[in-house]
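The values are calculated or read from the model by the stated rules, or taken from the named source; none is laboratory data. Model, not experiment: these values are computed from the prediction. Ideal geometry is used to build each Cβ from the backbone, glycine not excepted, and the neighbour counts take in all protein chains shown. Accessible surface areas use protein heavy atoms only, side chains included; no ligands, DNA or RNA. Shrake-Rupley method; radii C 1.70, N 1.55, O 1.52, S 1.80 Å.
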Amino acid sequence: IAVALIAGAVSYGLARRIGRPLRELREGIEHFEREGLSYRIPISRFEEVGSIASLMNELAERLDERIREEVRRRNEQEAVLSSMVEGLLAVDADEKVIRINRAAADILGVQGDVAGKSIQASVRNPELQEFVHRALSSAEPVEGDVALRGASEDRFLQVHGAELRGADARRIGAVIVLND
């Protein structure tokens, strides 16, 4: 009985010593989830657990850097698109709006966020809808004129369309540039 109690106590002590670094790993992952990737998991003195913690910290650092770079790139892209005088409209292969800059929204009289909505629901102009369809079905850049009928005056737009390709060079839609 005494040997069993001693063995049990030793086993319990070892389990707690081994379990603590594993709990720290779990808590570190929870910190990543709650507080972001800037948290660093303490490195355990147990070689296997310490190497896992080290790898997780490196992974978190690389992911954090990639996310920061993507945010920086997106902010730069947003600044360029919003400062353009020309209207820019990007649509996917299903004629749904991917992106519209402020100039295009003003020119077309679009209100609110139309990303993900069809061009037909977003812009009630059959000429522009037809031009978007033509740009999507053409492998070459297309040009044309579109008239916008307004209550007080008509506006005439010069439009240019070209295919839009993703990072893998696969065609994902078309980009339309509007000049008033």
task = Report whether or not V114 is within 23 Å of the chain's Cα centre (by Cα), in contact (Cβ under 8 Å) with a residue 12 or more places away in the chain, buried (at least 18 other Cβ atoms within 10 Å of the Cβ) and outside any loop (DSSP other than H, G, I, E, B).
result = no
ask   = Taking segment 129-140 as the region of interest, how many residues are in contact with an Asp or Glu (Cβ under 8 Å, 6 or more places away or on another chain) and either part of a loop (DSSP other than H, G, I, E, B) or modelled with pLDDT of 95 or more (or both)?
value = 2
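Counting only residues that are touching a Ser or Thr at 6+ places or on another chain (Cβ under 8 Å) and open to solvent by less than 20 Å² (accessible area, probe 1.4 Å), which one in segment 39-57 is modelled with the highest pLDDT? I'd like the intermediate steps shown before the answer.
Of all residues in segment 39-57, those touching a Ser or Thr at 6+ places or on another chain (Cβ under 8 Å) come to 43, 50, 53.
Right, trim to open to solvent by less than 20 Å² (accessible area, probe 1.4 Å) and you get 50, 53.
Details: G50: 84, A53: 87.
Across segment 39-57, the extreme among qualifying residues is A53.
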request  = Read through the list (1) out of contact with any strand residue (DSSP E or B) (no Cβ under 9 Å at 6 or more places or on another chain); (2) under 15 Å from L108 (Cβ atoms), then give the number of the only condition that V159 fails.
outcome  = (1)
query = Do you know which of the residues in segment 58-73 that are charged (D, E, K, R) and under 23 Å from R23 (Cβ atoms) is surrounded by the fewest Cβ atoms within 10 Å (Cβ to Cβ)?
reply = E58
ask   = Can you name the condition, by its number, that L81 falls short on among (1) touching a helix residue (DSSP H, G or I) at 6+ places or on another chain (Cβ under 9 Å); (2) at pLDDT below 85; (3) more than 15 Å from N179 (Cα to Cα)?
value = (3)
message = Let me confirm something: among V97, V91, which residue is touching a Lys or Arg at 6+ places or on another chain (Cβ under 8 Å) and at pLDDT 90 or above?
response = V97
ask   = Would you pick out the residues in segment 144-173 that are assigned to a strand (DSSP E or B), more than 17 Å from I98 (Cα to Cα) and either charged (D, E, K, R) or touching a Ser or Thr at 6+ places or on another chain (Cβ under 7 Å) (or both)?
value = D145, R149, D154, R155
message = Please count how many residues of segment 127-155 are closer than 14 Å to G109 by Cα and open to solvent by 70 Å² or more (accessible area, probe 1.4 Å).
response = 6
ask   = Do we find a residue being under 23 Å from R170 (Cα atoms) and touching a strand residue (DSSP E or B) at 6+ places or on another chain (Cβ under 7 Å) anywhere in segment 103-115?
value = yes
note = With criteria (1) open to solvent by less than 90 Å² (accessible area, probe 1.4 Å); (2) farther than 28 Å from V110 by Cα, L81 comes up short on (2)
